[in-house]
Amino acid sequence: MQNIVKRIHLDFIREVMDATPLQFGSQLSRRLDNKIYFKREDTTPVHSFKLRGAYHKMRQLSQQQLDNGVITSSAGNHGQGVALSAQKLGISAMIVMPKTTPKIKIDAVTEFGATIVFHGDNYDQSYQFAQQESLRTGRVFIHAFDDVDVIAGQGTIAIELLAQLDNIDYIFIPVGGGGLISGIASYTKSYYPEIKIIAVEPSESAALAQSLSTKKHIMLEQVGLFADGVAVQKIGHESFRLASQLIDDSVLVTNDEICAAIKDIYDQTRSIVEPSGALSVAAVKNYIAEHKIKNKNIVSILSGANVNFNRLRYIAERADLGEHNEAIIAVTIDEKPGSFLKFCQMLDNHAITEFNYRYAASPKAHIFVGIALNEGLREKQILLDKLSQSFEVLDMSDNSIAKTHIRYMVGGRCEVDNEVLYRFEFPERPGALLNFLNKIGTHWNISLFHYRNHGADFGRVLIGLQAKNVGQLERNFKELGYFYQNETANKAYQYFL
């Protein structure tokens, strides 16, 4: 820890950026009965904290190393930090990016004059190529997180923060590779060990949380891609060593909770952060509720704001679910006149946000309903209990298939022999959908298909196939190299498709 603290040089960072503001979140503070502050790392010249670590590392290099240039692998924020740092120092920079990198991030790196090389479909493939190029060309590789000088650069946030606010009780910090939390925690705990350091990860990319629980430095087989800024399969070695010693607690949040936090931040600041940038706010809300915390000074690190505009549609759709301002339910009613009226009468004054139904030749009908809520989970449970007295009701608010696909497809059920249902995630780029279909091949008949572009780095597909031999089908899927999940037993599919 002291090795990191001794390396922190705030003067270096001042050469490339001013201190980022600490903003009081008055609205969120009133709601949560605590004083909530946002450390606005989204306001740096590259709209993320990554500039700190990149520039801090590069300022440690000798003139000979600088003359050889630098190289890194990045799908976004770190690449922008390296590119701007190289421009400031007047040296050459090469950024290796996955072919799936969104245009907004490509354009940002290009603006700073760096050379971009596209290689691979994911970060790991880009990383391996960049390491090889570093050895071949003599360029210094600038790691995104697993480097003591990069970690020290991120630690400059703590110097600013401790000067901006007295009596901090908690600091909530997003975790991907772990450089940010390692730097902030090292400096903070050196001077104020009583301040609680809380690590935050998406529930589907919890490399640190799982490593801490098993006390082993593990690598995840799969990571969720929604919060792409922290979608890391394995936390850095140095980061894990430091985090194991310094953090006080760890929190996981869902994608819907992240979307709700993005809305909270927008309502307070009129700024839109990226999903990884909102992790800490999502965790603050959960942590306060779970631990019954009141009247504390709580800081959330807003780590970045590089978000594709097209993703905002998805974020807005999921924010109400994450805030528990909407419930999605499946209700079974009698297929006869007056049944729907009876159902609506039991909703009292609740507003219906959506309603999907298609007649089927059956004595029972399944309806897909969105209902607005004013008082969150308690109100939802009261409503479900009331409806259950007259109807068969299934809460689908946490059913990923229902939220991502089914709500856009409801229109009638169809009996298909030997149909199995799968969801896929694959790298999103021009031609990706066609490539996916080519890999599926023509051995199985496609009986259902839904794809919706969310403006993200990955595409989501729901596909139904007629297959008598599921084992052979899944062996073929494994060769694709994409994440997939059998959803044939999912109630949303059985009810509506």
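The values are calculated or read from the model by the stated rules, or taken from the named source; none is laboratory data. Given the structure is predicted, the values throughout are model-derived calculations rather than measurements. Don't worry about glycine lacking a Cβ; one is built from the backbone with ideal geometry, like all the others, and counts go over all protein chains shown.
Annotation note: Cβ proximity below 9 Å between a residue of segment 194-205 that is closer than 14 Å to I235 by Cα and outside the structural domain of D256 (by TED's automatic domain parsing) and a residue that is surrounded by fewer than 24 Cβ atoms within 10 Å (Cβ to Cβ) and not charged (D, E, K, R) (sequence gap 6+ or interchain) occurs for no pair. Kindly list the number of the only condition in (1) modelled with pLDDT under 95; (2) within 22 Å of Q27 (Cβ to Cβ); (3) outside any loop (DSSP other than H, G, I, E, B) that fails for V281. Only one criterion in (1) modelled with pLDDT under 95; (2) within 22 Å of Q27 (Cβ to Cβ); (3) outside any loop (DSSP other than H, G, I, E, B) is unmet by V281, namely (1). Candidates in segment 87-96 are the residues that are assigned to a helix (DSSP H, G or I) and out of contact with any Leu (no Cβ under 9 Å at 6 or more places or on another chain); of these, the one that is surrounded by the fewest Cβ atoms within 10 Å (Cβ to Cβ) is Q87. Looking at the structure I just gave you, is I218 buried (at least 24 other Cβ atoms within 10 Å of the Cβ) and out of contact with any Cys (no Cβ under 8 Å at 6 or more places or on another chain)? Considered against the rule, which asks whether it is buried (at least 24 other Cβ atoms within 10 Å of the Cβ) and out of contact with any Cys (no Cβ under 8 Å at 6 or more places or on another chain), I218 comes out as no.
Restricting attention to segment 97-117, the residues being assigned to a helix (DSSP H, G or I), surrounded by fewer than 22 Cβ atoms within 10 Å (Cβ to Cβ) and β-branched (V, I, T) number 3.
At pLDDT 80 or above, surrounded by fewer than 18 Cβ atoms within 10 Å (Cβ to Cβ), out of contact with any helix residue (DSSP H, G or I) (no Cβ under 9 Å at 6 or more places or on another chain) and within 28 Å of E323 (Cα to Cα), is that true of E392? So E392 passes the test. Taking the numbered list (1) surrounded by fewer than 22 Cβ atoms within 10 Å (Cβ to Cβ); (2) modelled with pLDDT under 95; (3) not in a helix (DSSP H, G or I) in turn, A75 passes all entries but (1). Just one of (1) part of a helix (DSSP H, G or I); (2) within 21 Å of Q132 (Cβ to Cβ) trips up D11, so point out which. So D11 meets the others, but not (2).
Looking at segment 355-365, is at least one residue touching a Leu at 6+ places or on another chain (Cβ under 7 Å) and in a loop (DSSP other than H, G, I, E, B)? The answer is no, given that none of the residues of segment 355-365 is touching a Leu at 6+ places or on another chain (Cβ under 7 Å) and in a loop (DSSP other than H, G, I, E, B). Looking at segment 136-143, can you tell me whether even one residue there is at pLDDT below 90, part of a helix (DSSP H, G or I) and in the same structural domain as Q64 (by TED's automatic domain parsing)? No, the conditions are met nowhere in segment 136-143.
In the set (1) buried (at least 21 other Cβ atoms within 10 Å of the Cβ); (2) within 25 Å of N399 (Cβ to Cβ), N306 fails one condition alone, (2). For segment 299-317, the set of residues classified as within 22 Å of I36 (Cβ to Cβ) and of a type in the set (K, R) is empty. Picking from residues in segment 88-131 that are of a type in the set (S, T, Y) and farther than 20 Å from N308 by Cβ, the one that is modelled with the lowest pLDDT is Y127.
Give segment 30-72 a look and list any residue that's part of a helix (DSSP H, G or I), within 23 Å of V281 (Cβ to Cβ) and of a type in the set (G, A, S), or say none. Within segment 30-72, G53 is the sole residue that qualifies.
Among the numbered conditions (1) closer than 18 Å to V230 by Cβ; (2) touching a residue at least 40 places away in the same chain (Cβ under 8 Å); (3) assigned to a helix (DSSP H, G or I), the only one that A152 does not meet is (1). Within the option set I258, I218, I235, being among the β-branched types (V, I, T), within 24 Å of S74 (Cβ to Cβ), without any contact (Cβ under 8 Å) to a residue 60 or more places away in the chain and assigned by TED's automatic domain parsing to the domain that holds K35 holds for one residue only, I218.
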